[in-house]
Amino acid sequence: MSGLLKNHEIRLLNTQRLLDENNISRSKLAEKTGISYNLLSQYIGKNPTKKIGDDTAAKIEMAFNKPSGYLDQTPELLSNEKSSSRSFDVIPVSVWDDSTPLDEDEVEIPFFKDFSFACGSGSVGEALESETRRLRMSKATLRNKNIDKKNAIATLSSGNSMSPTIKDGDTIHIDLGRKKIKDGKIFAICHGDLFMAKRLYNLPFGGVRIVSDNEEEYPEISLSAEEVINQQFEIVGWIWQISTMETW
């Protein structure tokens, strides 16, 4: 099907994909490329009226640190490139402040500098109601992952138990609506009043294996169904994206 696409259509699709995957709004891309927002919207808005030419393509590729010609790659090539990466997304977090207008394709989700207080001291719902900080996300990103906005939160990670997958200070994005264990996936959990990110595996009769990527310093833990209850083990949600702070 991609063979039927024209070159400017491929460039448009690839540009939109880069915006979605990196949570970059058109206004932020305009700032980075030096192209005015109004002109950029004519290239990649909902109803584009201009084709992305070579000069514009080069500016967009440079903004995302991509090599020359990247926007001209067919969807199949980019899909193969992406499929060889990890099962979750690792993206840069763009910097913005309260004066930056919310773009039409963005939403705001709760952002916790420290989510550990929600473990043991109260419910996640109470934590959500009390948090005023927000992080901007692309609507398309949440839609593509089938994540309901009300279930999307983000928080800073702490420690090195999941190193090198999750580094201290990374932002982890959590879907509160997905708590069913899929073996090997990374979840945010509360265990004994501690908040942490771990890989989980099902054990027979309702037990669970809790595994750290830094296995040398943090040996795995196995809990029986009874221990799950007694040790106040709770799954907060599935970690679907890991972000590293990057100043644009």
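The values are calculated or read from the model by the stated rules, or taken from the named source; none is laboratory data. All of these numbers come straight from a predicted model, not from anything done at the bench. Here the Cβ is made from the backbone with ideal geometry for all residues, glycine too, and neighbour counts use every protein chain on show.
Tell me, which residue of segment 201-248 that is small (Gly, Ala, Ser) and in a strand (DSSP E or B) is surrounded by the fewest Cβ atoms within 10 Å (Cβ to Cβ)? Selected residue: Ser222.
Taken together, the residues in segment 53-70 that are farther than 21 Å from Asn23 by Cβ and either in contact with a strand residue (DSSP E or B) (Cβ under 7 Å, 6 or more places away or on another chain) or not in a helix (DSSP H, G or I) (or both) amount to 4.
Per the conditions (1) in contact with a His (Cβ under 9 Å, 6 or more places away or on another chain); (2) hydroxyl-bearing (Ser, Thr, Tyr); (3) without any contact (Cβ under 8 Å) to a residue 60 or more places away in the chain, the sole criterion not satisfied by Ser243 is (3). Taking Glu217 as the residue in question, decide whether it is free of Cβ contacts under 8 Å to residues at least 12 places away in the same chain and over 27 Å from Asn146 (Cα atoms). Against the criterion (free of Cβ contacts under 8 Å to residues at least 12 places away in the same chain and over 27 Å from Asn146 (Cα atoms)), Glu217 does not qualify.
Scanning segment 123-153 for residues that are in a strand (DSSP E or B) and either exposed (fewer than 14 other Cβ atoms within 10 Å of the Cβ) or of a type in the set (Gly, Ala, Ser) (or both), which turns out modelled with the lowest pLDDT? The residue in question is Ser138. Of all residues in segment 31-62, exactly one satisfies the criterion of being touching a helix residue (DSSP H, G or I) at 6+ places or on another chain (Cβ under 6 Å), closer than 28 Å to Trp240 by Cβ and surrounded by fewer than 18 Cβ atoms within 10 Å (Cβ to Cβ), namely Lys32. Would it be correct to say that Pro164 is at pLDDT 85 or above, more than 28 Å from Asn230 (Cα to Cα) and touching a strand residue (DSSP E or B) at 6+ places or on another chain (Cβ under 6 Å)? Against the criterion (at pLDDT 85 or above, more than 28 Å from Asn230 (Cα to Cα) and touching a strand residue (DSSP E or B) at 6+ places or on another chain (Cβ under 6 Å)), Pro164 does not qualify.
Within segment 193-200, can one find any residue that is surrounded by fewer than 16 Cβ atoms within 10 Å (Cβ to Cβ) and either closer than 30 Å to Glu31 by Cβ or not assigned by TED's automatic domain parsing to the domain that holds Ile24 (or both)? Yes, some residue in segment 193-200 is surrounded by fewer than 16 Cβ atoms within 10 Å (Cβ to Cβ) and either closer than 30 Å to Glu31 by Cβ or not assigned by TED's automatic domain parsing to the domain that holds Ile24 (or both).
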